[in-house]
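Take a look at the following structure, please.
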Amino acid sequence: MLTRLLSVGLLAGLAAGLVVAAVQQVATTPRILLAETYEAVGAGQPVAAGAPPRLGEHVHGHVHDHGETSRLVFTGIMTVAAAIGVAFLLIAGMLFAGDPIDERRALAWGMAGFVAAGLAPAAGLAPELPGSAAADLVGRQIWWTSTVVATGAALWLMLRARHVALRLAAIVLLIAPHVIGAPHPHEFESRVPAELAAQFAALSLGVQALLWSCTAIAVGLLWPRFAPKRAR
């Protein structure tokens, strides 16, 4: 079982991570690089063209820079590592729940994971670009973690519990983090154009959804293939 778990987790995470990393290079990474030029201008640092370039200009002008290339590679590695972590979480969760691991159930678990770890926290703390105003880091981390745990527990109770009181408790858990509210700065200041920030937030959520769904599908496809021969 341990060999099967490790094999599926690593292979599923690697396959999904490479796909998502490629999508990131054309979706979110160019906007991060562009936002950094606005941040540099706001901080009074010189920019080659004298002003922040447009998205396409910035990407093509920096794609061959050694430092940027190294960062793109590092980002890809971290994406693969995140996908592997998601794969192990999905497998562990389904084994703990006693659910058969197939494509349909794995995808359902993946979507629940995205809601808990991506969509729900983003309702209070949207993905941010460099140069965006932000509250205290520790406070944001505490709120994010609490929201993920509360949302995950709420989804579990809603889908698994049969008692009405437990389902009511699930509703309370689901809305409590948002009633309390995420920590925000006193003033919403940003050197980045609002349109760019909105694009990044939407694309980041799309990439997260892709990460969870691709990893889940890979887990569902690979798990039966690594079953012991006597169980086939």
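Please verify whether Leu166 is within 30 Å of Ile101 (Cα to Cα), touching a residue at least 12 places away in the same chain (Cβ under 8 Å) and not small (Gly, Ala, Ser), treating the condition exactly as stated. So that I can check it myself, show each step before the final result.
Details: within 30 Å of Ile101 (Cα to Cα): yes; touching a residue at least 12 places away in the same chain (Cβ under 8 Å): no; not small (Gly, Ala, Ser): yes.
Judged against the criteria, Leu166 is not a match.
Yes/no per residue for (1) modelled with pLDDT under 95; (2) surrounded by fewer than 16 Cβ atoms within 10 Å (Cβ to Cβ); (3) part of a helix (DSSP H, G or I); (4) hydrophobic (A, V, I, L, M, F, W, C):
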| residue | (1), (2), (3), (4) |
| --- | --- |
| Gly9 | no, no, yes, no |
| Pro30 | yes, no, yes, no |
| Val47 | yes, yes, no, yes |
| Ala51 | yes, yes, no, yes |
| Val73 | yes, yes, yes, yes |
| Ala87 | no, no, yes, yes |
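The values are calculated or read from the model by the stated rules, or taken from the named source; none is laboratory data. It should be emphasised that the depicted structure is a prediction, and the values quoted were computed from it without experimental measurement. Glycine gets a Cβ as well: all are built from the backbone with ideal geometry, and neighbour counts include every protein chain shown.
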